Amino acid sequence: MAAHQEKKLSEERKRKSTQNDTRTSQVQWGRAWEVDWFSLAGILFLLIFAPLIVYYFIMSCDQYQCSLIAPLIDFLTGNKHLSDIWNKTPTLTYRAAVIYTLWVAFQVVLYQLIPDFCHKFLPGYVGGVQEGAVTPAGVVNKYEINGLQAWIITHVLWFANAYYFQWFSLTIIFDNWIPLLWCANILGYAVSTFAMIKGYFFPTNAKDCKFTGNFFYDYMMGIEFNPRIGKWFDFKLFFNGRPGIVAWTLINLSYAAKQQELYGQVTNSMILVNVLQGIYVLDFFWNEAWYLKTIDICHDHFGWYLGWGDCVWLPYLYTLQGLYLVYHPVQLCTANAVGILMLGLIGYYIFRMTNHQKDLFRRTNGNCKIWGKKPDYIECSYMSADGTKYFSKLMTSGFWGWARHFNYTGDLMGSLAYCLTCGFEHILPYFYIVYMTILLTHRCIRDEHRCFSKYGKDWKRYTAAVPYRLVPGIF
């Protein structure tokens with residue numbers, strides 16, 4: 001009788017534990033339901049200062065030859081007032097508005113109206129209609145993957161203009177850089193505001209929405225998980241990849257053209273920036289289908305963080321090295337140029353192979369070989385908001401056995417290579433490596449918090465098997 005009662009109590013505890021695990025998954029998987037004061041303070045800081053940071057960096061190059069200290073000295077010593085700096089800043093122009101409107105409209109057309117054909121003739125490329133990951137509400141969205149096609153068409157037209165049509169100068173982006181900044185801000189705030197209104201009044205999937213009741217947090221981090229217009233226009237996929245990342249390589253090409261115009265040559269440092277960042281951009285679009293499984297798509301809701309960030313922060317601050325080299329051309333010695341190139345290529349190799357191992361493991365459900373042998377893994381389970389139980393596997397072999405985010409380590413090596421092309425005269429071009437280190441370290445912690453909320457005790461087993469986040473033996 002006592003044994004029977006104990007068994008009954010054990011089963012009851014197990015049932016309650018399962019309910020608690022399910023509730024935890026429903027509450028924590030994806031964006032938070034509630035906001036603490038520390039998170040709110042961080043949100044307000046970013047909403048206020050992130051636009052000012054972008055303006056300060058671009059203004060420093062335009063008015064102070066990329067010195068971050070000189071504007072502060074002028075202001076603190078009274079040599080200049082804020083109004084003096086602001087009055088010298090180029091304003092929004094009709095020309096910039098037309099350029100930006102045509103650019104965004106063109107990318108919408110390429111994204112929405114031209115189905116992918118690259119996957120039909122490029123071996124190994126995965127394009128066309130692909131499925132994303134399961135959302136917290138248990139939905140599996142479909143996406144039209146055609147970013148590589150959009151990038152190719154855009155750049156073919158760019159070079160056709162350069163060598164044949166000559167409709168516009170290749171320096172058009174640099175020459176209108178600050179007026180275009182105001183256009184990018186208008187789009188970033190407009191799409192973020194629209195996404196919030198849409199989340200309240202006509203969401204794509206109400207079960208994948210989260211409300212904290214705090215206006216600033218909801219505006220920043222987003223309400224809808226996958227806001228869409230119609231069947232195919234997905235806000236996250238479009239704004240994460242287009243128009244900002246397609247423009248990335250065009251921006252660098254415009255910088256190179258300006259350097260040629262000003263100095264009669266393009267330095268090897270500018271060529272390195274174009275090559276290394278071009279590889280990164282091409283890799284993004286070649287693996288766009290894989291991107292559907294990343295934290296941006298799988299966990300982040302769409303708000304100001306992604307909407308404004310992809311329109312303004314990414315194209316303006318990720319291209320600072322090329323902008324700096326327009327004002328301060330650097331001709332590297334052969335040894336330094338080769339060393340920087342090798343650092344960038346090795347970082348890219350680690351970044352790509354680490355992601356490839358994970359993708360291969362997922363596609364084959366573990367029935368593959370990593371470094372010549374069948375991979376080890378930990379099997380996990382989790383619940384979606386509708387109570388459906390899912391299973392997944394976390395690999396502990398290959399680069400993923402070295403560190404839980406070793407792809408980020410490769411990314412940071414490449415980021416450092418971009419910055420080193422600029423020499424050591426100014427700190428401005430090194431903002432990128434500082435920012436990426438903070439971003440990816442924070443992303444590690446944020447991702448692992450979500451994974452723990454999602455997988456529970458299974459995640460503890462995984463972290464015990466792979467104890468380091470980024471650098472084996474250190475962190």
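The values are calculated or read from the model by the stated rules, or taken from the named source; none is laboratory data. What you see is a predicted model; the values in this text were computed from it and never measured. Cβ sites come from the backbone with ideal geometry, for glycine too, and all protein chains shown count toward neighbours. The area values use the complete protein model at the heavy-atom level, side chains included, leaving out ligands, DNA and RNA. Shrake-Rupley method; radii C 1.70, N 1.55, O 1.52, S 1.80 Å.
Give the residue that is farthest from V246 (Cα to Cα), with candidates limited to residues of the stretch 107-134 that are open to solvent by less than 20 Å² (accessible area, probe 1.4 Å) and out of contact with any strand residue (DSSP E or B) (no Cβ under 7 Å at 6 or more places or on another chain). Let's see the steps before the verdict.
Step one: filter the stretch 107-134 for residues open to solvent by less than 20 Å² (accessible area, probe 1.4 Å), giving 107, 110-111, 116, 118, 125, 127-128, 132.
With the extra rule that they be out of contact with any strand residue (DSSP E or B) (no Cβ under 7 Å at 6 or more places or on another chain), the set shrinks to 107, 110-111, 118, 125.
Working: Q107: 9, L110: 11, Y111: 11, C118: 16, Y125: 18 Å.
Step by step, filter the stretch 107-134, then rank; the result is Y125.
Do you know which residues across the stretch 190-214 are among the hydrophobic types (A, V, I, L, M, F, W, C), open to solvent by 70 Å² or more (accessible area, probe 1.4 Å) and in a helix (DSSP H, G or I)? Walk me through it before giving the result.
Going through the stretch 190-214, the residues among the hydrophobic types (A, V, I, L, M, F, W, C) turn out to be 190-191, 194-197, 201-202, 206, 209, 211.
Filter again for open to solvent by 70 Å² or more (accessible area, probe 1.4 Å), leaving 194, 197, 201-202, 206, 211.
Passing the criteria: F194, I197, F201, A206.
Name the residue that is farthest from the chain's Cα centre (by Cα), counting only residues in the stretch 417-428 that are over 26 Å from G42 (Cβ atoms) and assigned to a helix (DSSP H, G or I). Talk me through it step by step, then tell me what you get.
So in the stretch 417-428, the residues over 26 Å from G42 (Cβ atoms) come out as 417-418, 420-426.
Okay, now just the ones that are also assigned to a helix (DSSP H, G or I), so 417-418, 420.
Numbers: A417: 19, Y418: 17, L420: 22 Å.
The extreme case among them is L420.
Per the conditions (1) touching a strand residue (DSSP E or B) at 6+ places or on another chain (Cβ under 6 Å); (2) under 26 Å from F57 (Cβ atoms), the sole criterion not satisfied by L394 is (2). Working only within the stretch 222-264, note down all residues that are in contact (Cβ under 8 Å) with a residue 60 or more places away in the chain, more than 30 Å from S192 (Cα to Cα) and open to solvent by 10 Å² or more (accessible area, probe 1.4 Å). A256, A257, K258, E261, L262, Y263 - these are the residues of the stretch 222-264 that are in contact (Cβ under 8 Å) with a residue 60 or more places away in the chain, more than 30 Å from S192 (Cα to Cα) and open to solvent by 10 Å² or more (accessible area, probe 1.4 Å).
Scan the stretch 438-450 and tell me whether some residue there is assigned to a helix (DSSP H, G or I), among the hydroxyl-bearing types (S, T, Y) and closer than 21 Å to Y348 by Cα. Looking for residues that are assigned to a helix (DSSP H, G or I), among the hydroxyl-bearing types (S, T, Y) and closer than 21 Å to Y348 by Cα, one finds at least one in the stretch 438-450, hence yes. What about W177, is it in the same structural domain as L262 (by the TED database), in contact with a helix residue (DSSP H, G or I) (Cβ under 8 Å, 6 or more places away or on another chain) and either open to solvent by 50 Å² or more (accessible area, probe 1.4 Å) or at pLDDT below 95 (or both)? No. Among residues of the stretch 43-52 being aliphatic (A, V, I, L, M) and either surrounded by 14 or more Cβ atoms within 10 Å (Cβ to Cβ) or without any contact (Cβ under 8 Å) to a residue 40 or more places away in the chain (or both), the one that is nearest to Y217 (Cα to Cα) is I43. Filtered by the rule that a residue be buried (at least 16 other Cβ atoms within 10 Å of the Cβ), assigned by the TED database to the domain that holds P315 and without any contact (Cβ under 8 Å) to a residue 24 or more places away in the chain, the stretch 53-105 gives no residues. Could you please let me know if T388 is β-branched (V, I, T), modelled with pLDDT of 90 or more, assigned by the TED database to the domain that holds A337 and over 30 Å from Y64 (Cα atoms)? The answer is no for T388. In summary, E425 fulfils each of the numbered conditions (1) loosely packed, with under 14 Cβ neighbours inside 10 Å; (2) without any contact (Cβ under 8 Å) to a residue 12 or more places away in the chain; (3) not aliphatic (A, V, I, L, M) with the single exception of condition (2).
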